[in-house]
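A quick write-up on the structure given underneath.
The values are calculated or read from the model by the stated rules, or taken from the named source; none is laboratory data. Source: prediction; values computed, not measured. Here the Cβ positions follow ideal geometry from the backbone for every residue, glycine too, while neighbour counts run over all protein chains shown.
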Amino acid sequence: MTSFTDSTELTAFPDHTQLPASNGAFVKNFQEHPQSLLLTDAIKPVLDRRHPDGHYCIGQDCGIYWRLTDPPERGAEALDWFYVPNVPPMLDGVVRRSYVLWREFIAPLSVVEFASGDGSEERDTTPWTGKFWIYEQVIRPAFYAIYEVSRASVEVYHLVEGQYHRLPVNDRGHWSIAALNVELGIWNGRYQNLELPWLRWWDAQGNLLLIGEERAEHAEAKADQTEQLLQQERQRAQRLAELLRAQGIDPDS
């Protein structure tokens with residue numbers, strides 16, 4: 001019997017290098033791109049520990065092809081942010097242009113959509129065309145988050161036995177993504193010169209996962225604090241030495 005994964009069978013199914021990398025649509029608002037970067041930057045250390053071999057990929061404003069259509073773009077969903085475990089970040093030395101389910105079969109673990117409108121598109125359950133239906137029935141990410149940018153509102157769904165169930169918010173106002181041991185929530189602050197509510201990650205204990213710039217600032221502040229403590233210790237030692245000398249005692253003996 002010929003395997004489905006046999007190369008003679010796969011020639012009929014295009015890969016990411018043969019499919020369009022864009023559907024020609026504009027990003028809906030200026031917040032979307034920095035929001036994706038913020039999510040990726042903060043979660044990367046978690047994923048690096050989870051995948052020491054580096055086998056995972058993150059898509060930002062990237063398409064997932066789930067069926068063959070004419071034109072091909074009709075068979076893809078353009079996702080704002082998603083993470084797929086246990087797949088290489090590049091294929092045969094080529095940077096991914098899209099994620100093609102019929103070539104790799106592994107579903108994303110988490111998907112985040114940034115809804116510029118009222119979220120009706122992201123909640124559309126119409127078979128074969130509605131985004132919610134396609135995620136639930138075909139692409140099947142374990143966690144699907146809808147972030148309504150204008151309302152700073154979040155909904156998170158968990159796939160259980162083939163159906164999405166809306167997750168409750170915890171006492172910190174976050175949603176638990178248990179598979180990654182992290183939480184998702186809203187953070188009000190300044191990022192890339194924009195003071196806005198942002199979607200961010202926390203660890204399971206409620207500590208904000210820092211981005212690279214924040215990690216550097218934290219490390220610098222910790223180094224400064226250590227230097228201050230060392231300086232205080234040196235000053236105390238110097239005062240003690242002076243006191244001993246005043247009493248006729250050599251502090252070095």
Exercise. In the range 122-140, how many residues are without any contact (Cβ under 8 Å) to a residue 24 or more places away in the chain and part of a helix (DSSP H, G or I)?
Worked result: 1
Problem set entry | Residues of the range 106-121 satisfying the condition of being closer than 26 Å to Leu47 by Cα and either over 21 Å from the mean Cα position of the chain (by Cα) or assigned to a loop (DSSP other than H, G, I, E, B) (or both) | Ile106, Ala107, Pro108, Leu109
Exercise. How many residues, within the range 150-160, are over 22 Å from Tyr99 (Cα atoms) and either under 17 Å from the mean Cα position of the chain (by Cα) or not aliphatic (A, V, I, L, M) (or both)?
Worked result: 6
For this session: Working carefully through the options Ala145, Ala179, find the one that is modelled with pLDDT of 95 or more and over 16 Å from Glu77 (Cβ atoms).
Result: Ala179
For this session: Determine whether the range 72-91 contains at least one residue that is at pLDDT 95 or above, farther than 27 Å from Val46 by Cβ and of a type in the set (Lys, Arg).
Result: no
Exercise. Is one or more of the residues making up the range 176-194 farther than 22 Å from Gln31 by Cβ, charged (D, E, K, R) and surrounded by 16 or more Cβ atoms within 10 Å (Cβ to Cβ)?
Worked result: no
For this session: Could you please let me know if Asp124 is at pLDDT 95 or above, farther than 20 Å from His16 by Cα and surrounded by fewer than 18 Cβ atoms within 10 Å (Cβ to Cβ)?
Result: yes
